[in-house]
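Data first, discussion second: the structure below is written as structure tokens.
The values are calculated or read from the model by the stated rules, or taken from the named source; none is laboratory data. Quantities reported herein were computed from a predicted structural model and do not represent experimental measurements. We place every Cβ from the backbone using ideal geometry, glycine too, and count neighbours over all the protein chains shown. Side chains included, ligands, DNA and RNA excluded: accessible areas come from the protein's heavy atoms. Shrake-Rupley method; radii C 1.70, N 1.55, O 1.52, S 1.80 Å.
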Amino acid sequence: MDAGGGSEAEPRISFYGGKWASTLPLGFFILWAVFQSGVLGIGDTNGLVIGALIGTILGMFFVRGDWKTYADTIFEGMTQRVAATAIVAWLWAGMFAETLQVGGFVEGLIFAADALNVGAATFPAAAFVLCGLLATGIGTGYGATVAFVTLFFPAGVLIGASPVLLFAAILSGAVFGDNLAPVSDTTIVSAVTQDADIGGVVASRFKYAIVAAVPAFVAYLIMGSMLSGASLEGAAALRDTATAPGLVHLVSMGVVIATAVAGRHIVEAISWGLVVAVGFNLGLGLSSVSDVLVFTVTEAGTVTALPFVAVGDTASVGGSLYTGAIGFFPLIVLTLLIVSMAQIMIRGGGFAAIQEFLLNSVATNVRRAEVTMVLGTAAINGMITINTAAEIAIAPYIARIGEKFNINGYRRANILDANTSALGYIFPWAGGVLVGYQVMVGPDGLGAEYGPEMVVNPIEVVPYVFHGWFLVIVFLAAAVTGFGREYVPDRTSEEVSRA
Amino acid sequence: MSALDKFLAGWSFRSSTPDYEPGDAIEVMVTGREGDTAVARIGDSTLRIEDAPADAVNTRVLVAVDTWDGSTHTGSGTYRETVGESAF
């Protein structure tokens, strides 16, 4: 991409209302996202897609002269490498994550908790570690939250752990994995938007994650012994779902992390992880072939003898590879629209105007620049609670402000992702909190099944999402003290070297 | 860089004014211009880059450091080649 966003570039699209009017599509989208996710609490990515489409149409009415330039800029934005890279990584990550799920990884982690004889006081700390492991393996904090609230949370509450603390600990684990996993959507966006390789980002991020995670673990141990719930004597429920073999997926997860950190392309790293995970699933009988991939036909025939062809009511394709990749489709469409709206802002001069304001008035030295980056990502993630969407929207500013002080791409990616991961699981309107809460409420929810003590008010959880809060604090402290700071001359991203 | 080195990189409190030595060849983003001379701001240190292309701002360039003043954290260097561009 050229330096069109630079202050020296002339705007190519002229708007009625001047360069600030070029911020209308993205500005409208942000307001839509705040209203939808923040005010109404609707965590539907497809809804954001419609907001982006309407915003893009509205902006066109303010264009002076030929609207073709505006339309061309939409295509120019969508065809950027940054979007394509994230999309490819998401598709692979989705297949891998879902394959671990059908292979009994969650049940394996529950087995580990049972084998370690975790009691009510230590249950939240164990939930933090194990949910963190699951989220690091499957890359989606939302998925890990749903899995753990469904399976682990009731077991913990039944043996007397505090429901509020336990839910918060699960959310903390989700923050940890969303932040650190190489297959996490937010990790991928943070790396590719800052021109950094994903494996290198994960390795450089480890120091911040562990500095926040250790005190968070200790805090859960301490608070676990201070806060307790009513013992409902339900440890048996935990053992019912526990199976040891799913733990082999720690190896599948390790393969992805090790190959990515060793400098292999993320597509190669996840492909190897996928091969290992499918091998374990089929070799150890953790799942059937049709759990991984299945063609469903409506009538039996010779082909239905094949292990990946089944007979059902409606003809379809399914399995973990299918549902894992499909799950990212709404986010992929949304990403294409957000980067095209950002490109409209760049070509219309709005991007440069905001950037100059920040650089001239706020980010006047490197310390203030990093604090601005930390608080900027915190503010937008507090408003847009579907955290990957928020991250994509703020990413160009993190890149440009950071580059103006030669802050290394790894450091920029880490600043960008920390608040994105943390705040998406703290506030009551955050997407991560809402997906967990949805499991508790409703006619089929945990509350209906076990009783009202299984439903946690999201507001009560806020102060106890320790890893999320500590991550925010670590990054504010890092910006002020220079902990972990690296400059562009220090080292070059491997992906850039290979290009 | 080994995998272990990648995990260990950055475990320190880094100065806001990094210093360099004459003879160093470093990659930097060109962050602006002072008159006709390209400038790279690295943290709160400043490197003036002679012979850089006119459109060098927001590109990543290889620079040979010629002089460096550790008290004012400023220096000058010579443009070698363009090796990359802005992430956005």
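Can you list residues whose amide H is under 5 Å from A:Ser184's amide H, if they're 5+ apart or on another chain and H is modeled 1.01 Å from N?
Amide H neighbours of A:Ser184, under 5 Å, 5+ apart: none.
Can you give me the accessible area per residue for the protein assembly as shown, using a 1.4 Å probe, in Å²?
Result: 37 Å² per residue.
Rounded to the nearest Å, what's the spacing between the alpha carbon centres of the stretch A:350-408 and the stretch B:44-81? Just the number, please.
Value for the Cα centre distance between the two parts: 25 Å.
Normalise the Cα radius of gyration of the stretch A:353-444 by 2.2 N^0.38 Å (N = residues in it) and let me know the number.
1.26
Can you work out the Karplus-derived ³J(HN,Hα) for every residue in the stretch B:16-23? Use 6.51 cos²θ - 1.76 cosθ + 1.60 with θ = phi - 60°, whole Hz, and x for glycine or proline.
Values, residue by residue: 7, 10, x, 10, 10, 10, x, x Hz.
Enter the angle in degrees (range 0 to 90, nearest 10) between the Cα long axis of helix A:409-423 and the first principal axis of the Cα atoms of chain A, meaning the one along which they spread out most.
60 degrees
Give me the accessible area of A:Ser162, 1.4 Å probe, in Å² rounded to the nearest 10.
Surface open to solvent at A:Ser162 totals about 10 Å².
Which whole-number percent is the relative contact order of the stretch A:131-190 (Cα, under 8 Å, 6+ apart)?
51 percent
Could you name the lysines in cross-link range of A:Lys19, using Cα to Cα under 27 Å and dropping any fewer than eight places away on the same chain?
Correct list for A:Lys19: A:Lys68, A:Lys404.
If A:Trp32, A:Trp272, A:Trp90 are ordered by their accessible area, calculated over protein heavy atoms with a 1.4 Å probe, which sequence runs from highest to lowest?
A:Trp272, A:Trp32, A:Trp90
Relative to the longest principal axis of chain A, what angle (0 to 90°, nearest 10) does the C-alpha long axis of helix A:163-180 take?
For A:163-180 against chain A, the angle is about 50 degrees.
Karplus couplings for the stretch A:93-99 from phi (6.51 cos²θ - 1.76 cosθ + 1.60, θ = phi - 60°), rounded to Hz, Gly and Pro as x?
4, x, 5, 5, 4, 5, 5
Return a whole-number percent for the relative contact order of chain A, with Cα pairs under 8 Å and 6 or more residues apart as the contact set.
24 percent
Just the Kirkwood number for chain A, please: inverse of mean 1/r across all distinct Cα pairs, in Å, one decimal.
Radius from the Kirkwood sum: 23.4 Å.
Roughly how crowded by other chains is peptide A:405-411, in terms of the mean Cβ count from those chains within 10 Å of each of its Cβ atoms?
5
With every protein chain left in place and a probe of 1.4 Å, what is the accessible surface of A:Asp44, to the nearest 10 Å²?
70 Å²
Averaged across B:10-23, how many Cβ atoms of other chains sit within 10 Å of each residue's Cβ atom?
Details: counts 17, 5, 6, 6, 11, 4, 9, 2, 7, 0, 1, 0, 0, 0.
Taking all residues of B:10-23 together, the mean is 5.
Going Cα to Cα from A:Lys207, which lysines come in below 16 Å? Please leave out same-chain ones fewer than 8 positions away.
B:Lys6
Let me check something: with ligands and nucleic acids excluded, how do A:Leu359, B:Leu8 order by accessible area (1.4 Å probe), largest to smallest?
Final ranking, largest accessible area leading: B:Leu8, A:Leu359.
Considering Cα pairs under 8 angstrom that are at least six residues apart, work out the relative contact order of the stretch B:17-85 and quote it in whole percent.
Here the relative contact order equals 35 percent.
Report in % the part of the accessible area of chain B that belongs to carbon and sulfur, leaving out ligands and nucleic acids; probe 1.4 Å.
49 percent
Long-range amide H contacts for B:Gly84: which residues qualify at under 5 Å (H placed 1.01 Å from N, peptide plane, sequence gap of 5 or more or a different chain)?
Result for B:Gly84 returns B:Arg60.
What are the extents of the Cα atoms of the stretch B:17-85 along their three principal axes, listed from largest to smallest and rounded to whole Å?
30, 21, 18
Quick one: order B:Asp5, A:Asp444, B:Asp55 from most to least accessible surface, probe 1.4 Å.
Correct descending sequence by accessible area is A:Asp444, B:Asp55, B:Asp5.
Quick query: amide H of A:Ile13 versus all other amide H atoms, modeled in the peptide plane; which residues come in under 5 Å with a sequence gap of 5 or more or a different chain?
So A:Ile13 has HN proximity to A:Gly348.
Divide by every residue of chain B the summed helix terms, -39500 (n - 2.57) for each DSSP H run of at least 4, and state the resulting mean residue ellipticity at 222 nm, rounded to the nearest 500 deg cm²/dmol.
-1500 deg cm²/dmol
To the nearest 0.05, how large is the calculated FRET efficiency for B:Ala3 and B:Asp36 if R₀ is 35 Å and r is the Cβ-Cβ distance?
On the way: r = 44 Å, r/R0 = 1.27.
In this case the efficiency is close to 0.20.
Roll a 1.4 Å probe over the protein heavy atoms and report the accessible area of A:Thr298 in Å², nearest 10.
In the full protein context, A:Thr298 sits at about 80 Å².
What list of ³J(HN,Hα) couplings, whole Hz, do you get for the stretch A:146-161 from phi and the Karplus terms 6.51, -1.76, 1.60, once you set θ to phi - 60° and write x for glycine and proline?
4, 4, 6, 5, 5, 9, 8, 4, x, 4, x, 5, 5, 9, x, 6
Counting protein heavy atoms only and a 1.4 angstrom probe, how many square angstrom of accessible surface do chains A and B bury in total, to the nearest 100?
3400 Å²
Compute the label zone of A:Leu227 within the stretch A:404-425: residues whose backbone N is under 17 Å from the point 7 Å along Cα-to-Cβ.
Hits in the stretch A:404-425 for A:Leu227 at 17 Å: A:425.
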